1. Taking segment 179-190 on its own, how many of its residues are in a strand (DSSP E or B) and open to solvent by 30 Å² or more (accessible area, probe 1.4 Å)?
2. Pick from GLU121, GLU60: which is more than 25 Å from ASN183 (Cα to Cα) and either at pLDDT 90 or above or within 15 Å of the chain's Cα centre (by Cα) (or both)?
3. I'm trying to understand the selection: among the residues of segment 154-196, which are touching a Ser or Thr at 6+ places or on another chain (Cβ under 6 Å), under 14 Å from GLU142 (Cα atoms) and free of Cβ contacts under 8 Å to residues at least 24 places away in the same chain?
4. Can you pull out the residues in segment 189-223 that are under 23 Å from ARG69 (Cα atoms) and over 16 Å from the mean Cα position of the chain (by Cα)?
5. All but one of (1) loosely packed, with under 14 Cβ neighbours inside 10 Å; (2) at pLDDT 90 or above hold for THR74; which doesn't?
Amino acid sequence: MKNYSRLLCLMLGLVLAGCNGSDKDKSTDSGNDSAIHPGQAALTGVYRAVAQDAAGNPLEVQLIAESGRLPLLTVWDDRDHQRSFRAKKRAAGQEQATYYFADIHYQCQGQQNAFVCDTPEGTTRLAADSSSAQDAGFVAGEYQAAWNGQLYTLTLDALGNARFSGGECESAARFSASDSLANLWVMTVDANNACHLPLSQAYGATVVDNDTLFSFNFQTEVTYFPQVWVKVAG
C-alpha cells in the first residue's frame, strides 16, 4: 500500500542520512522566545523519524526547526491523516534546546544533528533529513478544498504567487524560501486579507501521487484550515 511504502522509504532514507550526517544544520536560533542560554545550541533543519501510536501502528513524524520560529511538528498516520503542532516556549535554564508539544505530549530535545523526542509510546530519534527539500518551483494551476462549508479555489503560478477565492472574497498570498531553510516554502498573506485566512505563517508543497494526481499540501497548526487542496484537471 502507498502509505506503508512511504514509511519504508522514509526508514531507509533516515538510515542513509545517519550515515552521511554532518553538523551543517546547526545554528543559533532564538526560537522566537527568550534569549538562548549558554549551551543552547538550537538546530535548524528538517528532522524525520518513524514512530508508533498507542495501538502500535506506524507514524511518520517530521519536525521543522526554522530560525526565529518555534518548531512545527507534523505527524502522519498509516492512512496519511495529517496533524501539525506548534511547540510551546522552551523552559528557561535548559542546557539544550528543549521544546514541548502539549497537544500530542511530545517533548523534543535538540542534540547533535538530531532531535530526541520523549513520547507517550517511548523515545524517538528524529534525524536530519536533507532529502525533504522541496522542488525549485510549483505546479501551476487551480486547487480546490472545502472550508467553512464552502468551496474555495487556490490559484497558483510557478513562482509561488497565490490567490484564494471563494465565499465572495479573495485574498492574495506568496510562497517564498525560508530565510534559514532554503528548501522550505513559507506562505505569507497580503495585508488585505479579505477571506480572513487564519495563517500567520504556513509551509506549503506540491505533492504528486502516481505521476498524475496533484495536490497542494499545507503544514500549519491551524487545525480547521484545509491541509490538502486537490488540483483541478486541465
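The values are calculated or read from the model by the stated rules, or taken from the named source; none is laboratory data. Everything numeric here is computed off the predicted structure, so don't read it as measured data. Note: ideal-geometry Cβ built from the backbone for every residue, glycine included; neighbour counts use all protein chains shown. Calculation scope for accessible area: heavy atoms of the full protein, side chains included, ligands and nucleic acids excluded. Shrake-Rupley method; radii C 1.70, N 1.55, O 1.52, S 1.80 Å.
1. Narrowing segment 179-190 to residues in a strand (DSSP E or B): 185-189.
Filter once more, so that each one left must be open to solvent by 30 Å² or more (accessible area, probe 1.4 Å): 185, 188-189.
Adding up the residues that qualify gives 3.
2. None of the other options fit; the residue is GLU121.
3. ARG163
4. VAL189, ASP190, ALA191, ASN193, HIS196, LEU197, PRO198
5. Answer for THR74: the failing condition is (1).
Okay, residues lined up against (1) within 30 Å of ASP129 (Cβ to Cβ); (2) surrounded by 19 or more Cβ atoms within 10 Å (Cβ to Cβ):
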{"position": "THR153", "(1), (2)": "no, no"}
{"position": "SER165", "(1), (2)": "no, no"}
{"position": "ALA177", "(1), (2)": "yes, no"}
{"position": "ASN192", "(1), (2)": "no, no"}
{"position": "CYS195", "(1), (2)": "no, yes"}
{"position": "ASP209", "(1), (2)": "yes, no"}
{"position": "THR220", "(1), (2)": "yes, yes"}
